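The values are calculated or read from the model by the stated rules, or taken from the named source; none is laboratory data. Computed from a predicted model, the values in this text were never measured in an experiment. All Cβ positions, even for glycine, are placed from backbone atoms using ideal geometry, and neighbour counts span all protein chains on display.
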Amino acid sequence: MKYLVLTLSLSFICNSSFSQTYFTPSIGYDFMSMESVFIAPDFHGFEVLNPPYSIKGLQYGIEIEQTIYDKLSASFYLNFARRQAEASIYSPVSLDGFEFDYWRGNVSLNYLIISYLTIGIGYDYNQLKDLTYTFQEQTYSKFKSLMIDQGLNVSIRGYWKNIEFKGYFHKGINSNISESPHELSIKPINYFGFSLGYRIKIINSFKRDKKTECPTF
């Protein structure tokens, strides 16, 4: 919710060009790196077994982008992915790994380099929800309801007519450490990916006169 408030606030900044708002549904594919933190060097109570950037799959998203000034815009991006990871646990109950829902929120500032290319930098606040053990492709026994992943995001977007192609990279900045070695503890998460979206212009407001200024109160 705080991302939406920030984006809408930025949209009201006065500018001397067209104020445009775009709504972009998208579908993409990305690769995530998740590494365990071991409480004791010689004891791996719960270990993620996937090599770096091997946790992968589709993601579905929506984005609202608002022009702020000339070539500068602000965007709010929300997407959803479901991920599965291979893992082992020191327990009499065997498992293959775990799965979780991955909700991602992003606020970015974007700069239009040329008419069809934009670079952006922003902040991610992501939630790993409903982490559940898996065994022989069956799920059982949820072991954690929520983990928080925060990070910085860099993206580059290309446009062709109303088609948007985006590449992005997320650098995690926080670890998730459990109190017990038998529970999942992970280093900051990193991921990169690509998405394809369709831009829909939902607002194209009036062009301001040259002498128009922001109202004073």
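Descriptive notes on the structure:
- Taking residues in region 103-127 that are part of a loop (DSSP other than H, G, I, E, B), and partners anywhere that are surrounded by 13 or more Cβ atoms within 10 Å (Cβ to Cβ) and among the aromatic types (F, W, Y), the pairs with Cβ atoms closer than 6 Å and at least 6 places apart or on different chains are Y116/Y159.
- Test: residue in region 13-21 that is farther than 30 Å from E179 by Cβ and modelled with pLDDT of 90 or more: yes
- Under the condition of being modelled with pLDDT of 95 or more and either among the small types (G, A, S) or in contact with a Leu (Cβ under 7 Å, 6 or more places away or on another chain) (or both), the residues counted in region 111-123 number 6.
- Residue satisfying all of: in region 79-96; more than 23 Å from the chain's Cα centre (by Cα) and of a type outside the set (A, V, I, L, M, F, W, C); surrounded by the fewest Cβ atoms within 10 Å (Cβ to Cβ) among these: P92
- Test: I64 is crowded, with 16+ Cβ neighbours inside 10 Å, under 19 Å from F194 (Cβ atoms), in contact (Cβ under 8 Å) with a residue 12 or more places away in the chain and out of contact with any Gly (no Cβ under 8 Å at 6 or more places or on another chain): no
- Some residue of region 152-159 being basic (K, R), free of Cβ contacts under 8 Å to residues at least 60 places away in the same chain and more than 30 Å from S73 (Cβ to Cβ): no
- Region 43-73, residues that are outside any strand (DSSP E or B) and among the basic types (K, R): K71
- Selected residue (only one of S73, S54 is surrounded by fewer than 15 Cβ atoms within 10 Å (Cβ to Cβ) and within 23 Å of the chain's Cα centre (by Cα)): S54
- Looking across region 22-36, just one residue is surrounded by 16 or more Cβ atoms within 10 Å (Cβ to Cβ) and among the β-branched types (V, I, T), and that is T24.
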